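Data block below; observations after.
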Amino acid sequence: MTGALHAGLILFSIVAICKSEPTHAGPDRVGDSHGQSRLVHLTSHWAFQLINDSLAFSRADSFCRGQFSSLATLDPSEDREGALELLRQAGLHSPLWIKNPRKAASKPLALSKQYLQFSALNFPKESSEGFARVNMSFPALSSISVCVRVQWDPEWNEVSTIFSYAAPVFINEFQLRGQVDMQGRILLALIIHGKHLPYKSSFPNDGAWHHICVTWHRSSGHWAIYVDGDRKDKGSVTDPSRDIHANGILILGQDQDSFGGNFTEPFFGNITDLNVWNMSLETRHVRALNACSPMTQEVLFSWSLDHLSSHPVVKEVQALLFCPAVHQQMELQGCKMLQSWSDQLPLFSLTDCSEPLPFICRSSRERYLKMRQMSDAQTSQPSAFMNHLMKLSNKSQAVLGQQPSGLSSLAEASALLDMSVQALEDTQQEGLQPADMVSLIQLLSLAADVPKQPPSDSADHSQDSVQELSQHFISVADTIISQDNAFKWQAIKEVVNGPMDVVKNIDRMVTSLSPRLMAETDHLTIHSPNIKLEVQQQRLQEGSRGSSFCGPETEKHTNLDCISVSHQKIQDLHNNGFHKLTLVNTWYGSLRPLFNPEENITMVPTVTDGSQRYLGTVLGSSVISTTVLGDDQPVSTPVHFQLHHRAQNSTGTVYDPVCAFWDFNLIPEDGGWWNTKGCEVVSKQYGYTVCYCNHTTNFALLLQVYEAQRSPENEKALQVLTFIGCGVSLCGLLFTFILFIAVGVPKSDRTTVHKNLIVALGIAELLLMCSNWASANEVACFVVTALLHLFFMASFSWMLVEGLLLWSKVVSVNISEDRRMKLYYIIGWGLPVLIVGVTLAVSVDKYKADDHCWLNVKTDTIWAFVGPVIFVLAVNAVVLCRVVMVTVSSARRRAKMLSPSSASKMQTFDLTWAVTRPVLILLPVLGLTWLCGVLVHLSVVVAYVFIALNAFQGLYIFLVYAVYNSEVRNAIKRIKEKRKALSFTNCSQPTSFLPSQRAPITSWGRSPPTPSSPETSETSGPPSSTSASLVIKNESFRKESFVSFSLKPASGNQVVQLTGFKPSGC
């Protein structure tokens, strides 16, 4: 290899690979920059690389991540076969790290999930007599570990004894003491077998809770002191080893100058969670215990106030402690490793995660070959950036001497980032090549994973140098995600997951360095053309202020991209026991063009009313993020953010914003994907959207793109047509109902069902007409939505009853009319009430749409209407088909009865009418016209047809079931005849003709009755009587009047009875 390439590979710790590609799935031995060999084995899908450089588990995982791969899991069969074949080729039988696929990645959790309440003992400063005794008998101990949580009184500066164990034969057998130094730290020291060890380990005297563990092992004499999970001091006792004596007394808060008494050097503060083991705990155990994971192996005493006796001045108090292990998988049992393997099955086990072991990195075959191709191209013809970088690296060989395991210190990371920034500035005109971008992304990953170091370990790294490192890190990242490199991102997509990998590296770097960055300040801002980073820090107290962060100001946008954490949420942190709050806020302005515009973001469309055709979803804003650190621990808290829409509206398209975040765990093999869980739109304004999310991460707006199916003119016309149609329909329904009541249609189950359908549909139409006016008031709109849901559901339920009733007429159903009507009422009114009630109870918060009075179509709530409607339409469609079949069958039977000469013509006509007539009659009441709603999105013509058929449904019912209904017409006819008869009867008043002097002279004409005369038949009496009809012309009557008389013999006397009738037009 050339010297330039040699230095470049050292700089970026890129996996060195040979220049020839293997032609079969077998081992491929490559060399790195230090002459060490690495073995690569290719299978049909994967590439396995054995790294013989032993690292701790976290460093090994970081190294593989920097190579765009991951630790092998050996879980799938192909993984196992490929990795074991690689080990056979290498002849390696020593243990190596294996990733546990079932171990979830740790992430910030809600505060309520990270705290546990402990019962603690308070040792008040007002009395020096306080103590607590452990009520148990201890055996002789060859090893011992004692862990306890301590809250030191900040105002106490004297020597204090946290616990002391005294045996009858030796008083100062095992003891832990503490004292405050000049810098305000609590220094800790052990006493073992009476030997006082030095005060070296420490923790700050800040009034917070601290976890302390001490261990001792007789055979080795080794002891250690751990504070908050980290080993602060260790050593060995050189005196002759012996067990700790049995039958001793363990006292909390006092030093025993005599066995069980004569107390001195009291402790003031709080103590809880004291546990004792008959073993020497390892570092992994202590770290897990610090996070509140249980450790039951070899336990002698577990914390319980029931097993303690205390002085009266010692009081029980409650302590709320930060415990992330309660809901996170901690490394209590260690990390997974391949202990040994054979041709049959590998043997796995767990060990301390800090143990250095070799490991295997696994990546896809395509990714490995693409990286190989880019490396070969860089070897044959280095880019301008790489050439310049090699020149700079040759001047700093001392800095570039890191091992291939990555960067081991901040100094190395700072030097490499500084040279990269210089090379980028000097080759700005030439630009970056895809291989350069891959190398720089690897550098960022390595720099973000530099092991944490306490400030005392590197005095030369002041806050200024750490800030400079951060500035260079952001500068390199800014160049990589520049819009100028949009096409180059497409060239490296087979190797790098995407630009969010850079975002993740920035998050890791700033979170890791935040304690150093904010050591001497409470506000830090780093600004580059495409990235704005701001770190804020504050001490939490009553009345702590909220936090807000905005992107850079621009002349184009008056409202900025901003994100905020409310005052109340920060106050909750203080109430939960946090003392320090750090917020890391970042804004990325150039990520949107880097995502492939042809790669559609898969999401369910939010607009489903058919007015627009869904085209896809795109990233439509900048990316903004916030990370909340409580006492340097990541915690999750709700945030509000607003982002501008940066996608340009093309003609004929509209956008609907969706609040989303990048979920790195959603599709881990692809680096994550967009997720909307826990996020919702607060408000949509022109040009920007305000969102709420219940957690912290990287946020953005996704814009769902729709093609407008209807022009604004068509939308307005459809709205007007709907309003007019509903008005006409309401009038038709009202007239139909009045006719049913007024004309006295014979009562039947069919008429009753019609009436209920008319009532339900009429009220629904009225509410629909008023819904626009109710939308101005939130409560009124919600009520209208619920009533619309209820009465439209009732309408469709009674349409279902119409279908069931019709089915009972067509197909014989043995059920009485009374029982049938009870069932119909339950279906027609009971079922809608049940559906609406359950829907409100389950999803009251997501019930109503945001901008109008109807169900929310963006959630599953809409299915509480659509689901039952589809069921009703399906049932009624079956009923209609059955009715048509029966009608056609009847028509055919009638046709066969006709004469052969006219059978053909009549059969065609009858069959056509047999099909058309039931369809026309039954469509409005069965609701089948709503089937057009499924096709509304296809064309604006279908929308007009749908509105015409359904908005005028009431008019249709009026025409079919009132105007042309035979029952109604017969009832009206009967009313007319009854009125005519009543009018005729009222005008037919009998007139008696009595003799009078003023009676005019009347001419009498006799006409004998004829047999055909209706009058003769009606007035003909018995044969013995005589009748005659006369026409009387007199001024007393109008025109002519008919007079009938009869001659009846009565006791031999002739009696004449005259009755006159006026015409009906009197």
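The values are calculated or read from the model by the stated rules, or taken from the named source; none is laboratory data. Computed from a prediction, not measured in an experiment: that's the story for all the values here. Every residue, glycine as well, gets a Cβ built from its backbone with ideal geometry; the counts of neighbours run over all protein chains shown. Side chains are part of the model used for accessible areas, which takes the heavy atoms of the whole protein and leaves out ligands, DNA and RNA. Shrake-Rupley method; radii C 1.70, N 1.55, O 1.52, S 1.80 Å.
Listing for the model above:
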read-out: Span from the segment 496-516 Cα centroid across to the segment 121-149 one, whole angstrom; value: 44
read-out: Probe 1.4 Å - accessible area at residue 716, Å² to nearest ten; value: 120
read-out: Charge dipole (debye, nearest 20) of segment 232-288; +1 at Cβ of Lys and Arg, -1 at Cβ of Asp and Glu; value: 320
read-out: Accessible-area order (highest first, 1.4 angstrom probe) of the listed residues 677, 848, 232, 755; value: 677, 232, 755, 848
read-out: FRET efficiency for residue 544 and residue 810, using Cβ-Cβ distance with R0 set to 56 Å, rounded to 0.05; value: 0.15
read-out: Cα-based shape type of segment 487-544, given that a ≥ b ≥ c are square roots of the gyration tensor eigenvalues and the cut on a/c is 1.5; value: prolate
read-out: Stretch gain in nm, segment residue 234-residue 170, where the contour uses 0.36 nm per residue and the Cα spacing is subtracted; value: 20.7 nm
read-out: Simple label model, 7 Å out from Cα along Cβ direction - residue 969 to residue 866, nm; value: 4.3
read-out: Subset of 755/822; 370/488; 232/504; 504/684; 569/848 violating a 22 Å alpha-carbon distance limit; value: 232/504; 504/684; 569/848
read-out: Theoretical gain in end-to-end length, residue 298 to residue 724 [0.36 nm per residue, Cα-Cα removed]; value: 145.1 nm
read-out: Förster radius 30 Å - calculated FRET efficiency between residue 881 and residue 675 (Cβ-Cβ, nearest 0.05); value: 0.05
read-out: Residue 588 - accessible surface, heavy atoms, 1.4 Å probe, Å² rounded to 10; value: 0
read-out: Inter-probe distance in nm under a simple model that places probes 7 Å from Cα toward Cβ, at residue 282 and residue 494; value: 4.2
read-out: Pairwise label distance in nanometres, residue 193 with residue 640, each label 7 Å out on the Cα-Cβ vector; value: 6.6
read-out: Order of exposure, largest accessible area first, which applies to 858, 747 with probe 1.4 Å; value: 747, 858
read-out: Whole-number percent relative contact order across segment 199-300, with pairs defined as alpha carbons under 8 Å at least 6 apart; value: 22
read-out: Full-stretch length increase - residue 685, residue 119 - with 0.36 nm per residue and alpha-carbon distance subtracted; value: 198.7 nm
read-out: Calculated FRET efficiency for the pair residue 257/residue 653, C-beta based, R₀ 51 Å, to 0.05; value: 0.05
read-out: Ranked order, 516, 892 - accessible area, probe 1.4 Å, largest first; value: 892, 516
read-out: With DNA, RNA and ligands ignored, accessible area of residue 661 (1.4 Å probe; Å², nearest 10); value: 20
read-out: Per-peptide average of other Cβ atoms within 10 Å, ordering 734-746, 133-145 highest first; value: 133-145, 734-746
